[in-house]
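No lab work stands behind these numbers, since they all come straight from the coordinates. Keep in mind the model is a prediction, meaning the values are calculated, not measured. Here the Cβ positions follow ideal geometry from the backbone for every residue, glycine too, while neighbour counts run over all protein chains shown.
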Amino acid sequence: MDQFASRRNIIAGIFILAALALIIRLFYIQVIDSSYKLSAENNSQRVEILYPARGLIFDRNGKLLVFNQPSYDLMIAPYELRQFDSVEFCSILRIDLKRLREGIARVRIPRYRREPFIKQISPETYAILQEKLYKYPGFYVRSRTLRRYSKEMAAHLFGYVGEVDEKLIEKEKAYVMGDYIGISGIEGYYENMLKGEKGQEVLLVDVHGRVKGPYQDGRFDKDAVVGKDLVCTIDADLQEYGETLMKNYRGSVVAIEPSTGEILSLISAPSYNPSLLVGRSRTGNYTRLRQDTLLKPLYNRALMANYPPGSTFKPIQALIGLQEGVISEGSSFSCNMGFYARGVSVGCHDHKSPLTLLHGIEQSCNAYFCNVYKRIIENPKYSRPDEAYNVWRDYVLSFGIGQKLSSDFTNELRGFIAPVSYYDKYYGSNHWNALTTISLAIGQGEILVTPLQMANWTAAIANRGYYVTPHVVKSIEGMDTIDHKFTQKHFIEIDTANFRLVVAGMDMAVNGGPGRTAGIAQLQNIRVCGKTGTAQNPHGTDHSVFIAFAPKDNPKIAISVYVEHGEWGASYAAPIASLMIEKYLTDSIAPNRKWVEARILNGNLLYSK
Amino acid sequence: MIDRLNITEEIDWTTVGLYLLLVVFGWMNIFASSYNEQFTSIFNIRQNYGDQLLWILVSMVMIVVLFAVDHRFFHYFAYVIYGFSILLLLSVLAFGVTINNSQSWIRIFGFGFQPSEFVKIATALAIARYLSGYNIKLWTWKSMGIVILLIGLPVGLIALQPDWGTALVFSCFILLMYREGMPGWILALTLFVTMLFLMTMLISGTSVIIVLIIIAIAGFGLISRKLKYALVAAAVIGITFYIMHKLFPVMHFEPNNYYELIAALVLSSLIFLVVSAIKKIKNVLILLLLLYGFIGFTYSVDYVFHEILKPHQQTRVNILLGKETDIRDVGYNLNQSKIAIGSGGFFGKGYLQGTQTKLDFVPEQSTDFIFCTVGEEWGFFGSALAIILYLGLLIRIVYIAERQRSQFARIYGYGVASILFFHFAINIAMTIGLFPVIGIPLPYFSYGGSSMLAFTLLLFVLVRLDSVRKKYIK
């Protein structure tokens, strides 16, 4: 025993005193003071969440494209439910008694939470219900906003808004059940700008659910902050016109302003009416759209379709050849209905032979570009074909092909350019060469691109050597600039002089003499440069492809058009591209070209194979 | 080296019994607080109560493990355990997960775990080890310095997380230090100043002064051992206050209870001094000086708070004290918590019949505010029962500590009592508005794996040490 042992009594005394203090206080608040019982009965506070309206979306010319409409959710607080006239209630809401009973039974668990009973009742129903709501304790209305579109277009571009699900809440802690979130397109990528900030209102409520006023004079209330408005780079008229042109076709149109990388229109056809994915009918409509496996309206071809570029790839081939020094402007190759070498043959159409570079582009000679590709891969500068192939591949990648462009779309795909390892696996290392991979010469084989990438490299050619990452938002309310990555120039390591040559060839393809491949794209006062493509399709009719930009000097628009099963580049893609260019640069279609427009509008390849 | 002991004889079954009662009662309340008709299986570990059941089982396994470990382990490895726990705290700061604005969690094998819960045990062990050393007297500069260092290191690291509630827990070791020789006046002063500080922050200045005056008069009555003097003094102050109250409006002063009371006090002090000088009554001057000293203290706390601190600092202090906060936060919790407990009445609403503690009304209701469920569903009867169970456990721990022959075991025992007492008293006090909401769990009740396991280990290390008390003298 030590000298301080008696202190145990003091310590025990402290314990006892503290416990006694707690017990006395508990006795006071639990047994003597009745105010807490009243508070509990009155249930005191209810926090009402105030939902902000999402930001608006304007087109590049300030036209309002996406805005909001009011919507009302009928909420139920099972704990506050009292007897009510269910027949009248059902007739207001136009539901049957069975549904009411089921609805109440469903939300009884857990009893103390307020839950939506019927989501998004119509404004008309709300108007009638609002006056009589006092008769139905336990029911109240929560107002939200839903998206509305001024034009039924650009569904893929805008994306849509949906309710968050449990999986998402686990990932994104900022969201709670019942919140809306942008799911794809602009709505998805710019969710943080558009969503705004929720507010709250704390109300004093009695046991019958009646609001008695703000809690503590609204000390804890917070206004909702409306989301930021966006100006997108889309030209609404051009987008609408393009969608009209494409309505009977499967494929895609992407138009870009070359100097800025701004996407002027982005069309994936067939599309759907964006209003279908708004509000209560969203889930049903979404399922219906998803089940359409023939037209695949939900599939955003502009960003996700992996197409072979076909002959539209030839300008790039020419640029690489020129830069590597294996050809020059004067190089000419002969073509006898195709390219033949050691068991390999690539057919070509009937044209004059031999051709020089500019005519090779003008007339899209397959043999010419097979020779160019062969020279690139067999360049004596490199010891082995795979080394040369890697050099070639790096050039191609620098055009933004075979990789995500990291535009402001979340669901962009990367396309495909086979790496060396891919061929090594098939043929064995050093067992393949230019001839084994000759399809690449004409944009076939192990090369797949998205329409967005095609438009982007067209912009790079139009700019004579650089591109700006394509993007769809021009400015955001309250922000001085958009993301830095959308203003940066990506330079391609190819001399401007070489670009000038290739541009001259593309000019001739549209505006050249006999044998030109895209004469149909020629416009009266605007010099269009373009390149057709006929992408081989082993499953049916070939695809019609066209890339173009205009005017030749100081280009304002670069465009890629892909029409599935359209056969020749000149048959569908080139006319559509030329109409889009004409519409954008002159606002109208010249009378002497109305027949082109009519031919496209009257054609229909929706169900062709 | 494992000594075979006759387990049934040597284990303190009273402690084990109290522990089991608390754990079972606690779990029943967690079940009630998260109960809804959708999930009825108690083994559903996605629900709080299922998860907690799992941790209770883990705790039971740990108890068995404790008894398999050589009892000398805790003495020999006290510093190692302490060092390891400091390392854990450092790693929390480096790789911890942030929950509720505090980086206090580590994820190991998918389980979140809070090292700060275990550091309390390690600190108690380290202090016990140090103070039980040969010829160590607590009340010397050197050993006080070392003990303060042993406590200060984890406190500092936990404050960095920042988790002020848990950091404050370590102040409980003042009880242990008192038992081991710290002068009693330090304990008394600490308790008094803490109370005064809280009173200044939480209630009006006038009430604080009234309380101080009452204490002074009561103290005077005790020291002079004359009830008559105390009553006269009280009457004098009462009368002067009444005069001041009437006088202020006449003199065109703003009516203000605080200043009226101060004026009354000054006037009556003069009367007291004169009377005591004539009648030769002792201690009046000293008592008055103390009284004015403490009033000065409350005034300067108030002044520093309102005049020197910037508004955002004030808010921070207020949040810590649970006074002014967002409705979703502490202030709201406290209000709802009081309503829930208060609505319980004498016998409560019945098990699983609580309305306030269900889902919406009391946030954190299965962790820091678990006592709300006790209060609401079991009423005053159940709440008092829980408090008596805790008190029983605490007194039993003191009893066990005092019967140890090993100094190490005894000091550790006081460490256990101090920690449990702090958690128990402060947690319940904060749910009923007697103490600021500092967010610490109620041992064996609050939902949370780390705290369940840590409090079990804390207690059963002592039970383990106690089980061999007859065999060894250290």
Using Cα pairs closer than 8 Å and at least 6 residues apart in sequence, work out the relative contact order for chain A, in percent. 14
Set the Förster distance to 35 Å, then compute FRET efficiency between A:Glu115 and A:Leu64 from the Cβ-Cβ distance, nearest 0.05. 0.50
Neighbour-count order for A:Lys119, A:Lys609, fewest beta carbons within 10 angstrom listed first: A:Lys609, A:Lys119
Between rounded, prolate and oblate, where does the stretch B:106-205 land on the alpha carbon gyration tensor, with a ≥ b ≥ c its root eigenvalues, rounded for a/c under 1.5, else prolate if a/b exceeds b/c? oblate
Over the stretch A:46-232, relative contact order from alpha-carbon pairs under 8 Å, at least 6 apart, %: 34
Quick note, the stretch A:497-609: a/c under 1.5 would make it rounded; otherwise a/b > b/c is prolate and the rest oblate (a ≥ b ≥ c, C-alpha gyration tensor); here it is oblate
Can you give me the distance in nm between label points at A:Ile10 and B:Ser207, each placed 7 Å from the Cα along the Cα-to-Cβ direction? 3.0
So if the hydrodynamic radius of the protein assembly as shown is defined as the Kirkwood radius over C-alpha pairs, what does Stokes-Einstein give as its diffusion coefficient at 37 °C and 0.692 mPa s, in µm² per second? 90
Two-decimal log10 I(q)/I(0) for the stretch B:199-308, as the Debye equation yields it once each C-alpha is a single scatterer, q = 0.11, 0.17, 0.19, 0.21 Å⁻¹: -0.38, -0.86, -1.02, -1.18
May I ask which residue of A:Ile320, A:Leu74, A:Ser578 lies farthest towards the positive end of the charge dipole of chain A, with charges of +1 (Lys, Arg) and -1 (Asp, Glu) on Cβ and the Cα centre as origin? A:Leu74
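Based only on other Cβ atoms within 10 Å, what is the fewest-to-most ordering of A:Glu166, A:Glu257, A:Glu197? Can you show the working numbers first?
Working: A:Glu166 8, A:Glu257 21, A:Glu197 12.
Taking fewest neighbouring Cβ atoms as first place, the list is A:Glu166, A:Glu197, A:Glu257.
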Between the Cα axis of helix A:366-377 and the main Cα principal axis of chain A, the angle (0 to 90°, nearest 10) is 80
Tabulate in residue order the Karplus-calculated ³J(HN,Hα) for the stretch B:411-425, using 6.51 cos²θ - 1.76 cosθ + 1.60 with θ = phi - 60°, rounded to whole Hz; enter x for Gly and Pro. 5, 4, x, 5, x, 4, 4, 4, 5, 4, 4, 4, 4, 5, 5
CD proxy, 222 nm, chain A: helix-only mean residue ellipticity via -39,500 (n - 2.57) per DSSP H run with n ≥ 4, per residue, nearest 500, stands at -9500 deg cm²/dmol
From zero up to wherever the largest Cα-Cα distance of chain A sits, split into 10 Å bins and tell me the percent of pairs in each. 3, 14, 21, 18, 13, 10, 8, 6, 4, 2, 1, 0
With Cα atoms, 0 to 90° folded angle of helix B:78-95 axis to chain B main axis: 80
What helix-only [θ] at 222 nm does chain B give? Using -39500 (n - 2.57) per DSSP H run of at least 4, over all residues, to the nearest 500, the answer is -23000 deg cm²/dmol
So who's got an amide H within less than 5 Å of the one on A:Val449, skipping anything under 5 residues away but keeping other chains? H placed 1.01 Å off N, in plane. A:Tyr307, A:Phe416
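Within 10 Å, count the other beta carbons around each residue, average over each peptide in A:238-249, A:330-341, B:152-163, A:559-570, and list them highest first.
Numbers: A:238-249: 21.8, A:330-341: 16.0, B:152-163: 18.2, A:559-570: 27.5.
Taking the mean over residues of other Cβ atoms within 10 Å, the ranking is A:559-570, A:238-249, B:152-163, A:330-341.
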Suppose every K and R has +1 on its Cβ and every D and E has -1 on its Cβ; what is the size of the dipole of the stretch A:236-602 about the Cα centre, in Debye to the nearest 20? 540
With a Förster distance of 41 angstrom and the Cβ-Cβ distance between A:Thr260 and A:Ser608, calculated FRET efficiency to the nearest 0.05 equals 0.65
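How well do other chains shield peptide A:218-228, expressed as the mean number of their Cβ atoms within 10 Å of each residue Cβ?
Mean inter-chain Cβ contacts per residue within 10 Å come to 1.
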Normalized C-alpha radius of gyration of chain B, against 2.2 N^0.38 Å? 1.11
Under unit Cβ charges (Lys, Arg +1; Asp, Glu -1), what dipole magnitude, rounded to 20 debye, does the stretch A:46-232 have relative to its Cα centre? 280
Output ordering of B:123-136, A:121-134 (per-residue mean of other Cβ within 10 Å, highest first) is B:123-136, A:121-134
Enter the mean number of other protein chain beta carbons within 10 Å of the beta carbon of each residue in B:383-391, as an integer. 4
Using +1 at the C-beta of Lys and Arg and -1 at the C-beta of Asp and Glu, which of B:Leu175, B:Ile136, B:Ser102 has the Cα lying farthest in the positive direction of the dipole of the stretch B:97-207? B:Ile136
Step through the residues of the stretch A:299-307 one at a time and calculate ³J(HN,Hα) from phi using the Karplus curve (6.51 cos²θ - 1.76 cosθ + 1.60, θ = phi - 60°), rounding each to whole Hz and writing x for Gly and Pro. 7, 8, 4, 4, 10, 10, 6, 9, 10
Inverse of <1/r> over all distinct C-alpha pairs of the stretch A:269-404, i.e. the Kirkwood Rh in Å, gives 18.1
Cα centre as origin, Lys/Arg/Asp/Glu Cβ charges: the protein assembly as shown dipole, Debye: 2500
Output the 0 to 90 degree angle, nearest 10, between the alpha-carbon long axis of helix A:123-132 and the longest principal axis computed from the alpha carbons of chain A. 0
Cβ-based charge dipole, the protein assembly as shown, positive-most Cα from B:Leu189, A:Phe546, A:Ser122: B:Leu189
